[in-house]
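The values are calculated or read from the model by the stated rules, or taken from the named source; none is laboratory data. All figures in this text were calculated on a predicted structure; none of them were measured in a lab. Ideal geometry is used to build each Cβ from the backbone, glycine not excepted, and the neighbour counts take in all protein chains shown. Keep in mind that these areas ignore ligands, DNA and RNA; they rest on the heavy atoms of the full protein, side chains included. Shrake-Rupley method; radii C 1.70, N 1.55, O 1.52, S 1.80 Å.
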Amino acid sequence: GLFISAYFGNLVSWWGPNISLITLLITVLAAGYVSGIRVGQWKIQVPFLITTILLGILRLGSFTASLGQLTVGAFLFFTFVMLPEPATAAKGNWTKPLYGIFVAILPFIFINVPFISDLQLLSLLLGNLIFKGVDKYFETSSLPVPQKI
């Protein structure tokens with residue numbers, strides 16, 4: 001719904017609070033702890049962050065500028081809450097890192113497409129769709145799949 005709404009020019013606002021830096025850090029660190037450590041979704045979050053920072057350096061030409069996105073509440077909320085959401089994210093131990101990398105790469109591919117207003121949201125939707133199929137394929141396939149990373 002958000003993606004379709006954004007297509008028609010409406011402001012996408014899935015992360016609304018404008019809170020202090022301390023509150024933001026506490027909220028994000030708590031969400032990151034729960035989703036990354038307790039739920040085990042760090043296999044998605046770490047490859048996503050590394051890929052996003054590296055591609056940001058290539059695009060912006062600056063390590064500092066690339067790290068600047070780590071202070072944006074919407075990016076952190078996306079990384080620690082939306083991306084690793086267990087019901088929609090990749091489920092396989094070895095597909096989780098691929099999913100994180102895939103979702104990180106897509107905004108850099110679609111950055112110059114004029115009618116896309118929220119690149120992260122589109123990337124998340126495509127990643128969820130594609131990796132649902134990838135997980136299902138390997139679940140039913142007779143191909144050997146690595147069990148642990």
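Please go through segment 97-137 and pick out each residue that is charged (D, E, K, R) and either at pLDDT 95 or above or under 15 Å from Phe78 (Cβ atoms) (or both).
Scanning segment 97-137 gives a single hit, Asp118.
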Problem set entry | Where Ala6 falls short, out of the listed (1) out of contact with any helix residue (DSSP H, G or I) (no Cβ under 9 Å at 6 or more places or on another chain); (2) at pLDDT below 90 | (1)
Seminar exercise, completed: Matching residues in segment 32-45 (open to solvent by less than 20 Å² (accessible area, probe 1.4 Å) and in contact with a Lys or Arg (Cβ under 6 Å, 6 or more places away or on another chain)) number 1
